Amino acid sequence: MQGKIALEEHFAMEGTVHDSAGFAPAEDWVELKARLLDIHDRRLAEMDAHGIEMMLLSLNAPAVQALSDRNRAVDLSRRANDFLAEQVARRPDRFQGLAALPMQDPDAAARELDRCASALGFRGALVNGFSELAGTDHALYYDRKEFWPFWSEVERLGVPFYLHPRNPLAKDAAIYEGHRWLLGPTWAFGQETAVHALRLMGCGLFDAHPRLQIILGHMGEGLPYSMWRVDNHNKWMRTQNAYPARRKIADYFRENFYITTSGNFRTQALIDAMLEIGADRILFSTDWPFENIDHAADWFDTAAISEGDRLKIGRDNARALFGLGDA
Ligand code: GRE
Ligand code: ZN
């Protein structure tokens, strides 16, 4: 399929690229690093070769979210977003931006999102999971009340928020002890991000802000496959889930979430997602440079789905969600 739009597509700056070093064996790091630091050469050639017209770019992980100093988080976000805006300005027909945000300071994050959406023309934000903050030894998840004014601003601006994975803090990762292969994209990324998304759904955020739209990668981080069980376990018991939100979790999933195909190039999983969240809320993505563009595109272009659904997932849903026009 020609004209695809992809939106979990990462770049790095010299100051953040080392955050990705632990995710490649030494012999592949040279390649991964070069891919992360490139925007206009290899990346564009890969896009041309595989029918990707547009990438929405975002900073690598965990970057801003791992800076426990609030001021450094604010500073890195600004620098990354200014850098990205310059890159986008060189090829606005092929690249658009998603903002990095200093969630360690919710007011500053709201202001930075406003600046990115208004002054820089970015299409939304991509945040790498929970944030760390000096003075607290725990992960800050965004269902906490101090983030609700931030969410109010996201809703007002009408831009999507991509909740991207990161690994759990070491103190929360006992289950992976002695099994480090389960960290990262194998399993821990999905577990971490799915629980964060469920916290957002259960806390009542979407009752207060029904127009918020959250994007999850990796075919929904396992949530489509488990959505029925979340709401329907132990049905005979008089009390099931006790949470502040008013509606079933699946209602929020279907109305306040989109998912992408990033790094999960499997037709069986896509069809399950289509049956749970619907083809209107699934968006093509690759997860370059961690995944290969040819692996993503060759799979998607020939996946056994209808051509109408392919056009929606490959391009039209993203156009509508991000206001990318009909060019
Ligand atoms: C990502 O950000 O998408 C990512 C990493 C590390 C390994 C795999 C991966 O940051 O997809
Ligand atoms: Zn990613």
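The values are calculated or read from the model by the stated rules, or taken from the named source; none is laboratory data. Since the model is a prediction, treat every value here as computed from it, not as a measurement. Note: ideal-geometry Cβ built from the backbone for every residue, glycine included; neighbour counts use all protein chains shown.
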>> Can you pull out every residue in region 214-269 that is polar (S, T, N, Q) and surrounded by fewer than 20 Cβ atoms within 10 Å (Cβ to Cβ)?
In response: Ser226, Asn232, Asn234, Thr239, Gln240, Asn241, Asn256, Thr267, Gln268
>> away from ligand 2 (no atom under 16 Å from the Cβ) and in a helix (DSSP H, G or I): which single residue out of Gln268, Gln240 fits that description?
In response: Gln268
> Here is a list of conditions, (1) aliphatic (A, V, I, L, M); (2) at positive phi; (3) away from ligand 2 (no atom under 15 Å from the Cβ), and Ala245 meets all of them except one; can you say which number that is?
Replying inline: (2)
> If you go through region 177-188 one residue at a time, do you hit one that is within 16 Å of ligand 1 (Cβ to nearest atom), of a type in the set (Val, Ile, Thr), within 12 Å of the chain's Cα centre (by Cα) and over 20 Å from Phe322 (Cβ atoms)?
Replying inline: no
> What single numbered condition from (1) in contact (Cβ under 8 Å) with a residue 12 or more places away in the chain; (2) within 18 Å of His10 (Cα to Cα); (3) out of contact with any helix residue (DSSP H, G or I) (no Cβ under 6 Å at 6 or more places or on another chain); (4) not basic (Lys, Arg) fails to hold for Asp69?
Replying inline: (2)
> Just one of Phe161, Phe189 is of a type in the set (Phe, Trp, Tyr), surrounded by 20 or more Cβ atoms within 10 Å (Cβ to Cβ), in contact with a strand residue (DSSP E or B) (Cβ under 8 Å, 6 or more places away or on another chain) and within 26 Å of Val74 (Cα to Cα); which is it?
Replying inline: Phe161
> For region 165-183, which residues satisfy the criterion of being assigned to a helix (DSSP H, G or I) and among the basic types (Lys, Arg)?
Replying inline: Lys171, Arg180
> Do you know which residues across region 226-246 are among the polar types (S, T, N, Q) and at pLDDT below 95?
Replying inline: Thr239, Gln240, Asn241
>> I'd like the full set of residues that are within 16 Å of ligand 1 (Cβ to nearest atom) and among the hydroxyl-bearing types (Ser, Thr, Tyr), limited to region 260-275.
In response: Thr260, Thr261, Ser262
>> For the condition within 16 Å of ligand 1 (Cβ to nearest atom) and closer than 30 Å to Leu182 by Cα, what is the one hit in Gln104, Gln65?
In response: Gln65
>> Among the residues of region 221-239, are any touching a helix residue (DSSP H, G or I) at 6+ places or on another chain (Cβ under 7 Å) and closer than 30 Å to Ile39 by Cβ?
In response: yes
>> Going through Gly97, Gly3, Gly51 one at a time, which residue ends up being within 17 Å of Leu163 (Cα to Cα), more than 16 Å from ligand 1 (Cβ to nearest atom), in contact (Cβ under 8 Å) with a residue 40 or more places away in the chain and small (Gly, Ala, Ser)?
In response: Gly97
> Taking into account only those residues within region 291-311 that are in contact (Cβ under 8 Å) with a residue 60 or more places away in the chain and touching a Phe, Trp or Tyr at 6+ places or on another chain (Cβ under 7 Å), which is farthest from ligand 1 (Cβ to nearest atom)?
Replying inline: Phe300
> Any residue at all in region 282-293 that is surrounded by fewer than 23 Cβ atoms within 10 Å (Cβ to Cβ), among the charged types (D, E, K, R), more than 16 Å from ligand 2 (Cβ to nearest atom) and modelled with pLDDT of 95 or more?
Replying inline: no
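Within region 76-87, identify whether any single residue is among the charged types (D, E, K, R), touching a His at 6+ places or on another chain (Cβ under 8 Å) and at pLDDT 95 or above, and answer yes or no.
No, that holds for no residue.
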> How many residues, within region 14-33, are more than 16 Å from ligand 2 (Cβ to nearest atom), of a type in the set (A, V, I, L, M) and not in a helix (DSSP H, G or I)?
Replying inline: 0
